[in-house]
1. Could you give me D for region 113-155, from Stokes-Einstein at 37 °C and 0.692 mPa s, where the hydrodynamic radius is the Kirkwood radius over C-alpha pairs? Units µm² s⁻¹, please.
2. To the nearest 20 Debye, how big is the dipole of region 3-111 about its Cα centre, given +1 on the beta carbon of each Lys and Arg and -1 on that of each Asp and Glu?
3. Putting +1 on Lys and Arg Cβ atoms and -1 on Asp and Glu Cβ atoms, find which of PHE42, VAL112, GLY91 reaches farthest to the positive end of the dipole of the chain.
4. Under 24 Å Cα to Cα from LYS93, which lysines show up? Leave out anything in the same chain fewer than 8 places away.
5. Check the straight Cα-Cα distances from LYS113 and name the lysines below 25 Å, setting aside those fewer than 8 residues away within the same chain.
6. What shape does region 1-59 have by the C-alpha gyration tensor, where a ≥ b ≥ c are the square roots of the eigenvalues, rounded means a/c under 1.5, and otherwise prolate means a/b greater than b/c and oblate the rest?
7. As a check on your grasp of the helix formula, calculate [θ] at 222 nm for the chain: sum -39500 (n - 2.57) over DSSP H runs of n ≥ 4, divide by the residue count, round to the nearest 500.
Amino acid sequence: MTTEERLDKIEHALQRTAELQAEQAEYFRQQSQLQAEQAEHFRQQSQLQTEQAEHFRQQSQLQAQQGEQLRQQGQLQAQQAQQIGSLIADGEKQNEGIRTLIVVSRTLLDSVKELRSVQQQMIEEIREARKHTDEKLNILVDTVDRIIRHRNGRE
């Protein structure tokens, strides 16, 4: 394999590395977006929990009242049950999202390790190619030097 072919191969490998890094940057951007969405869900969940706490406070006030107030209390309890069910469902969705993010993070780490390995291999190939090029260049310089000395000896 010629030096040019090696350099072309190295150039192709570097281009592929750059493409992989661009894909990885996009992946990080998407992951950041997912994390921002998750943070918004946590904020909403916190807001719902705050609202739920307010409903519990109202419920304890309603328990002190009689008649119509008991009927209203029953309605609020039904609403709270619905909200709790929604919170549980939201919590399950968030747990699934967290599990997915963990898998994605592990996949990302594996990709980074693989990319590092490929880059290390490419560096070694470049060093080896440079070593061979230096050896050939030294031989060429010695040859040209001998030719010039031989010609200067004749003149």
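Readers should treat all values here as calculations from the given coordinates under stated rules, not as data from a laboratory. As the structure is a computational prediction, the values presented were derived from the model and not from experiment. Every residue, glycine as well, gets a Cβ built from its backbone with ideal geometry; the counts of neighbours run over all protein chains shown.
1. 256 µm²/s
2. Charge dipole of region 3-111: 540 debye, to the nearest 20.
3. My answer, from the dipole projection, is VAL112.
4. none
5. By straight Cα distance, LYS113 reaches LYS9.
6. Numbers: a/c = 14.93, a/b = 11.03, b/c = 1.35.
Verdict is prolate for region 1-59.
7. My calculation for the chain gives -36500 deg cm²/dmol from helical runs alone.
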